[in-house]
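Contents: one structure, followed by commentary.
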Amino acid sequence: MNRWTLLASGFGTGYARKAPGTFGSLAGLALGAALLTAGHLPLLFGTLISTALGTYAISTLGAAATQDPGWIVIDEIAGQMLTLLALSHLSILGALAAFALFRLFDIAKPGPVAWADSRHDAWGVMGDDIIAGLLAAACLLLLRLVLPL
């Protein structure tokens, strides 16, 4: 396994027998939570770096990777980390809400998420999860108006 395959697979989490996207999201949640404890800036940099490296890794893997095979989960990792940026601080309730909202938008693929998913290139593979992360983050910001997230 080369380094780009290792990165695209979320260091192997994408090879889970069932629900690799969920395992990738859990890896993103763990990494994002660790970065958020250091502050929003480290989390932002981590999100940007995972997005850039993920896009490059997918583009180096060839045409088969642009069909978004299940083992590629770097996109879920980046999208989940992006969602966590909407939290004011790390809490169990906030992390659970971020995870649930991101998975909802990633699986349901409403509007712009489906549009990005239909691109079938490295930008589309990463883009649908980035857009899902942005939508989930927007919902978290609204939830923060009524819940202590």
Check your understanding: For residues in the stretch 15-36 being out of contact with any helix residue (DSSP H, G or I) (no Cβ under 6 Å at 6 or more places or on another chain) and farther than 13 Å from Met81 by Cβ, which is surrounded by the most Cβ atoms within 10 Å (Cβ to Cβ)?
Key -> Thr22
Review point. Only one of Thr83, Thr60 is β-branched (Val, Ile, Thr) and surrounded by fewer than 16 Cβ atoms within 10 Å (Cβ to Cβ); which?
Key: Thr60
Point to revise | Inter-residue pairs, beta-carbon under 7 Å, first under 10 Å from Ile74 (Cα atoms) and in the stretch 9-23, second basic (Lys, Arg) and not in a loop (DSSP other than H, G, I, E, B), 6+ apart | key: none
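Which one is surrounded by the fewest Cβ atoms within 10 Å (Cβ to Cβ) among residues in the stretch 116-126 that are over 15 Å from Gly28 (Cα atoms) and in contact (Cβ under 8 Å) with a residue 12 or more places away in the chain? Quick ask: steps written out before the conclusion?
Taking the stretch 116-126 as the starting set, the residues that turn out to be over 15 Å from Gly28 (Cα atoms) are 116-125.
Now drop any that are not in contact (Cβ under 8 Å) with a residue 12 or more places away in the chain, which leaves 116-117, 120-125.
Numbers: Ala116: 19, Asp117: 18, His120: 12, Asp121: 16, Ala122: 22, Trp123: 15, Gly124: 18, Val125: 27.
Only one residue tops the list, namely His120.
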Study note, to complete from the structure: Taking the stretch 23-68 and keeping only residues that are over 15 Å from the mean Cα position of the chain (by Cα) and part of a loop (DSSP other than H, G, I, E, B), one is left with Gly39, Leu61, Gly62
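Pick out the one residue from Gly54, Gly111, Gly39 that is more than 22 Å from Cys139 (Cβ to Cβ) and without any contact (Cβ under 8 Å) to a residue 24 or more places away in the chain.
On the way: Gly54 fails: without any contact (Cβ under 8 Å) to a residue 24 or more places away in the chain; Gly111 fails: more than 22 Å from Cys139 (Cβ to Cβ).
Checking each option against the conditions leaves just Gly39.
Readers should treat all values here as calculations from the given coordinates under stated rules, not as data from a laboratory. Note that the structure is a prediction, hence the values are computed from the model and not measured. Cβ: placed from backbone, ideal geometry, glycine included. Neighbour counts: every protein chain shown.
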